[in-house]
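FYI, it's all coordinate maths here, none of it is from the lab. Please read these numbers as outputs of a predicted model, since none were measured by experiment. So basically every Cβ, Gly included, is an ideal-geometry build from the backbone, and we count neighbours across all protein chains shown.
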Amino acid sequence: MSDENQSLDNGEEVQPAEGERVFLCVVDESEEFDVALRFACNRANNTGGRVALAYIVAPAEFQHWVGIGNLMEQEGREQAEEMVRVVGEVVQQRTGKMPIVYIRSGKPHEELVTLIDEEPQIAVLVLGASISGNGPGPIVTHIVNEMSGGFHVPITIVPGGMSEKEIDSIT
């Protein structure tokens, strides 16, 4: 497992200002990610806070040959870095602030718990609920069913089918 606080701003690590509320959003390629990100950006804007992005690289399942497993992990890491760079630009445009970025490797729900425990500036975890009809999504399901009492921060679950107008009206 790796734990890194990444930079998107000219090589300097981004840190929240004193007293700045941090809204953590899990980066993935789901449809519901967009609504969670919009919600987090709006809340950060309206409370003087900052958005943090967490991308969790799943461990390589193919471990038969170490070299191939390492290559798969490296490719996953490169994909994570590119995705948070693109999403970070969106956050910058929406909030006027560079996001804090965390890239970790491991099981998503375990890494989220560890990250929130290690980073006291994180004030709220923002997740989007899936609109696929197969439940709210694996991270939301696991956290709500198994771990919600273990978090020391509020968890905001944004319905994945909310429109931009609806999100804007409640944030």
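Observations
- Spacing of the two label points (7 Å from each Cα toward its C-beta) at Glu73 and Ser169, in nm: 4.8
- Distance (nanometres) between label positions extended 7 Å along Cα→Cβ at His152 and Glu118: 1.5
- Environment charge at Ser169 (Cβ cut-off 14 Å; Lys +1, Arg +1, Asp -1, Glu -1): 0
- Fully extending the segment from Glu110 to Glu29, taken as 0.36 nm per residue of separation minus the present Cα-Cα distance, adds 27.2 nm.
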